[in-house]
Amino acid sequence: MQSANSYITNRFFKVFSVLVLLGTWSATAGAVTLINGAGATFPFPLYSKWFFEYEKENPNVHINYQSIGSGGGIRLFLEKTMDFGASDAPMTVEQLSKADRPVLHIPTVVGAVVLVYNLPGISQGLKLNSNVIVDIFLGKIDNWNDKRIKEMNPQFSLPDLPIIVARRSDGSGTTHVFTDYLSKTSPDWKKQVGTGPAVNWPIGLGGKGNEGVAGLIKQSPGSIGYVELIYAKNNELPYAAIKNQSGYFILPDLTSVTAASASFLKSIPADFRISITDSPGVGAYPICALTYLLV
């Protein structure tokens, strides 16, 4: 694990060193080059570590990254108020047409979107499939003792407790990934709600950023929502095992996330814009995505 992290970090250093040398960044203040970026909250914990480590080795460069969501990152990038953007959702053809120069999507990492929950007495082990997830987020399943949830989780005495749905209120690549998965697995979701960084949610409380959704879950018994895996870990929130295409309930970890990307990355397009949700791999966690730097 350490060697993999070192390899990724070294690759990151090389990418940023090349971009600084190419002079694509902001004017320098004194002897310090200021690089401004904004966008996805999905990879923010990792980017923060990378930027910190980069600056330790390159003290003449300061990287200022605003974790505002993928939608905001794309908007500011197109407005040229930022040197680089960051997004979990690849830019659309329409968005790319608004740029006056070629845009590169640089994939940095593969991550997982998880279903976190706050159920008194159940700290781990919940299982869900896409049909149940869809009906929860459509408001058709509104109580934790629903028979369809109980059938998948006979080991638990599920409480008679209303389900509180938490979702993003801002334009979000995490939302794009989650709704992309639901659209792939449910014709009803695709028809009624669809895929995108911002959708017309039938129900739910909105939180800004992955941080906001994690905060809502933590303070609301009976709640369920979606965040990037590291936000679940940082907030000590349990997350569900999700049934994949092959019929296995899979938890996200290094192995299952790698398995999710493996089949897709064999035929990745030249511009790197690709969806890797609902992977056919036997051991694949089904709600995974690449996240990108936009330069």
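The values are calculated or read from the model by the stated rules, or taken from the named source; none is laboratory data. All values derive from a computational prediction rather than experimental measurement. Here the Cβ is made from the backbone with ideal geometry for all residues, glycine too, and neighbour counts use every protein chain on show. These accessible areas exclude ligands, DNA and RNA; they are computed on the full protein's heavy atoms, side chains included. Shrake-Rupley method; radii C 1.70, N 1.55, O 1.52, S 1.80 Å.
Okay, here's what the table says:
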item: Failed item in (1) of a type outside the set (K, R); (2) assigned to a strand (DSSP E or B); (3) touching a Leu at 6+ places or on another chain (Cβ under 8 Å), with Y285 passing the rest; result: (2)
item: Residues (acidic (D, E), touching a helix residue (DSSP H, G or I) at 6+ places or on another chain (Cβ under 8 Å) and outside any strand (DSSP E or B)) located in segment 205-249; result: E211
item: Test result for K243, open to solvent by 10 Å² or more (accessible area, probe 1.4 Å), of a type in the set (D, E, K, R) and either over 27 Å from S123 (Cα atoms) or modelled with pLDDT under 95 (or both); result: no
item: Matching residues in segment 84-99 - criterion: being in a loop (DSSP other than H, G, I, E, B) and within 25 Å of T277 (Cβ to Cβ); result: D88, A89, P90, M91, T92
item: Candidate set: segment 84-94, residues that are closer than 17 Å to T291 by Cα and not aliphatic (A, V, I, L, M); chosen: the one most open to solvent (accessible area, probe 1.4 Å); result: T92
item: Subset of segment 162-183 (residues that are over 17 Å from G139 (Cα atoms) and touching a Pro at 6+ places or on another chain (Cβ under 9 Å)); result: D170, G171, S172, G173, T174, T175, H176, Y181
item: Pair list, Cβ under 7 Å, 6 or more apart: segment 191-203 residue touching a residue at least 24 places away in the same chain (Cβ under 8 Å) and in a loop (DSSP other than H, G, I, E, B), other residue basic (K, R) and open to solvent by 30 Å² or more (accessible area, probe 1.4 Å); result: W201/R167
item: Residue within segment 250-264 that is touching a Ser or Thr at 6+ places or on another chain (Cβ under 7 Å) and either open to solvent by 60 Å² or more (accessible area, probe 1.4 Å) or part of a loop (DSSP other than H, G, I, E, B) (or both) present; result: no
item: Qualifying residue in segment 150-166 (condition: at pLDDT 95 or above, touching a helix residue (DSSP H, G or I) at 6+ places or on another chain (Cβ under 6 Å) and farther than 16 Å from N118 by Cα); result: no
item: Verdict on D135 being in contact with a helix residue (DSSP H, G or I) (Cβ under 8 Å, 6 or more places away or on another chain) and assigned to a loop (DSSP other than H, G, I, E, B); result: no
item: Verdict on A198 being surrounded by fewer than 19 Cβ atoms within 10 Å (Cβ to Cβ), within 19 Å of the chain's Cα centre (by Cα) and either modelled with pLDDT of 95 or more or aliphatic (A, V, I, L, M) (or both); result: yes
item: In segment 158-189, the residues that are closer than 26 Å to G39 by Cα and open to solvent by 30 Å² or more (accessible area, probe 1.4 Å); result: R167, S169, H176, K184
item: Residue pairs meeting the criteria (Cβ under 6 Å; at least 6 apart or on separate chains; first closer than 13 Å to Y226 by Cβ, in segment 160-172; second modelled with pLDDT of 95 or more and part of a loop (DSSP other than H, G, I, E, B)); result: V165/I203; V165/G204; R167/W201; R167/G204
item: Scope segment 146-157; condition surrounded by 13 or more Cβ atoms within 10 Å (Cβ to Cβ) and part of a loop (DSSP other than H, G, I, E, B); matching residues; result: D146, N153, F156
item: Subset of segment 100-130 (residues that are open to solvent by 40 Å² or more (accessible area, probe 1.4 Å) and part of a helix (DSSP H, G or I)); result: none
